[in-house]
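Have a look at the structure below, then the notes.
Here, each number is a calculation from the coordinates, and none is a lab measurement. All values derive from a computational prediction rather than experimental measurement. Using ideal geometry, Cβ is built from the backbone for each residue, glycine included, and neighbour counts are taken over all protein chains shown.
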Amino acid sequence: MSISAILTAVAVVGGVGLFLGLFLGVASIVFKVEVDEREEAVLAALPGNNCGGCGFPGCSGLAAAVVKGEAPVNACPVGGEAVGRTIASIMGVEAGETVRMTAFVKCAGDCAKTTQNYEYTGVADCSMVGYVPDGGAKSCNHGCLGYGNCVKACPFDAIHIQNGIAVVDREKCKACGKCIAACPKALIELIPYAAKSVVACSSRDKGPVTMKACQSGCIGCSLCVKVCPVGAITVEDFHAHIDQSKCTGCGACREKCPKKAIMEL
Amino acid sequence: MLEVVKDLFVLMISSSLVSNVVLSQFLGLCPFLGVSKKVNTAVGMGGAVIFVITIASGVTAVIYRFVLVPFDITYLQTIVFILVIAALVQFVEMFLKKYVPSLYQALGVYLPLITTNCAVLGIALTNVQKEYGIGFSIVSGFSTAVGFLIAIVILAGIREKIAYNDIPESFRGMPIVLITAGLMAIAFCGFSGLL
């Protein structure tokens, strides 16, 4: 191959490259889309998981909404307080107090505490199990089915099936709410990270039914209501509920609960 | 005139069905397997591919005829075509972002991903190999991309159904998808008697 052939090749490919480069450079100026500077800054401050936990389609969706004033500056549940404050300083407003929340699975009926009424060998998917007789093989009709729809939904690897029930890793949980939407039994709830006492049961059955189904089910005996010094507990449909805004975490209810359905986190 | 129309029609049938880009030429398998979980996204990807391949076929044909052939450096076609396709996808993205934001939103990440779709380059090179003119190149590109759309939408439809089947553990995930794609390829062999 002669030297001129090499030079031609270099010149032509280089020329094409140069032309395309210039063409794209000009195009990027001509087709420039005006973006609010603050929107880019807000987007940079957000975690970038695009989890949708805020209710907007991805982080860029939230950034646009924050700049338009359609979303509060601390709307990102993943970033929490730190990101909220950064965005507040970009937007020039005060961020309100944010309480760190984590997901909690209101069921403690693991394999040791519940039994299987029959052997289920169908599709391993919680929402499918809901269609089989008696709402799945588990002795309790209200509890965690353990097929892990929440595990698949979690973008942060913060929820796992342990001994037949879903358990949240509270250090990893970012409270995005994906698992709450994924659970067909509506067992998962957001509670403050600081919460001490929780009712680890969702059974609405009468006491004797629950007692038969699970060793640690809430039977609605109301002993906790009487013992609570701040009146944070109510019993409705044979099921105790703790108002976390009132709870001081003293532990009196945990002591008193005969089924140990109220647990310490 | 009638002859040309007939040739174009045969070209369209052959490149979209008979020698389907995915199922008999095995080009563009990455998006074919990667973006075929849902029919909606598959249609989005297919649409974006049609858009880019049609334009890329035309532009590469022009470059080949008016730049590479006169300078006698057709052996550099691959590298030049890659350059042109990458720049073209960038340009299309900028253009859509400015003038058709709704389409830009709908195509989303699939648009830049097309740069790495080997079907685009494959068709550009095939056009050169078969010595098509500019017009035929564009038609060939368009109908090949339509073939890609057909294949990816069918696979996505099958995969949506497969999700609820009781598949043996060792076949779950990608293996069953590859087997499905293989069976589809066999089924598409049936078109070979068409022309």
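Points worth noting:
- Considering only A:Leu20, A:Leu43, A:Leu145, the mean-square fluctuation computed in a Gaussian network model of chain A, springs between alpha carbons under 10 angstrom, is largest for A:Leu20.
- Descending principal axes extents, chain A, alpha-carbon based, whole Å: 93, 51, 26
- FRET efficiency, 1/(1 + (r/R0)^6) with R0 22 Å, evaluated for B:Glu131 and B:Leu195 via beta carbons: 0.70
- Backbone amide hydrogens, once placed in the peptide plane, bring A:Ala166 within less than 5 Å of A:Gly146, excluding anything fewer than 5 places away on its chain.
- Bins of 5 Å, starting at 0 and running to the largest distance - Cα pair percent for region A:147-265: 2, 12, 20, 20, 20, 16, 9, 2, 0
- Potential lengthening of the chain between A:Gln116 and A:Glu255 amounts to 47.1 nm, from the contour at 0.36 nm per residue minus the alpha-carbon distance.
- Taking the Cα centre of region A:119-207 as origin and assigning +1 to Lys and Arg Cβ atoms and -1 to Asp and Glu Cβ atoms, the resulting dipole is close to 280 debye.
- Of A:Lys106/A:Lys226; A:Lys106/A:Lys206; A:Lys174/B:Lys161, pairs whose Cα-Cα distance is over 25 Å: A:Lys174/B:Lys161
- A crude spin-label estimate for the pair B:Glu169 and A:Ala82, with each label 7 Å from Cα along the Cβ direction, gives 4.0 nm.
- Cubic angstrom per residue, convex hull over Cα atoms of region A:1-159: 260
- The smallest convex shape that holds all Cα atoms of chain B, its convex hull, gives 134 Å³ per residue.
- Evaluating 6.51 cos²θ - 1.76 cosθ + 1.60 at θ = phi - 60° for every residue in region B:88-94, the Karplus couplings come out as 5, 4, 4, 5, 4, 4, 5 Hz, glycine and proline recorded as x.
- A dipole drawn for region A:1-154 from +1 and -1 charges on Cβ atoms has a positive end, and of A:Thr121, A:Ala64, A:Val35 the residue lying farthest that way is A:Thr121.
- Cleavage-rule hits, chymotrypsin sites (Phe, Trp or Tyr not before Pro), region A:1-80, DSSP coil, Cβ neighbours within 10 Å at most 16: A:Phe31
- Across peptide A:116-126, the average count of Cβ atoms from other chains found within 10 Å of a residue's Cβ is 1.
- Cβ-derived FRET efficiency at R0 30 Å, B:Val69 paired with A:Phe31, nearest 0.05: 0.45
- Placing R0 at 35 angstrom, the Cβ-Cβ distance between A:Lys212 and A:Asp243 gives a FRET efficiency of 0.75 after rounding to 0.05.
- Full extension of the chain between A:Glu236 and A:Asn163 gives 23.4 nm of extra length, using 0.36 nm per residue less the Cα-Cα distance.
- Evaluated with a Cβ-only charge set (Lys, Arg +1; Asp, Glu -1), the protein assembly as shown carries a dipole of roughly 1020 debye about its Cα centre, given to the nearest 20.
- Each Lys and Arg contributes +1 and each Asp and Glu -1, all at the Cβ; summed about the Cα centre of chain B, the dipole is approximately 360 debye.
- Translational diffusion of the protein assembly as shown, µm² s⁻¹ [Kirkwood Rh, Cα pairs; Stokes-Einstein; 20 °C; 1.002 mPa s]: 79
- The local environment of A:Ile180, defined by Cβ-Cβ distances under 12 Å, has a net charge of +2 under the rule Lys, Arg +1 and Asp, Glu -1.
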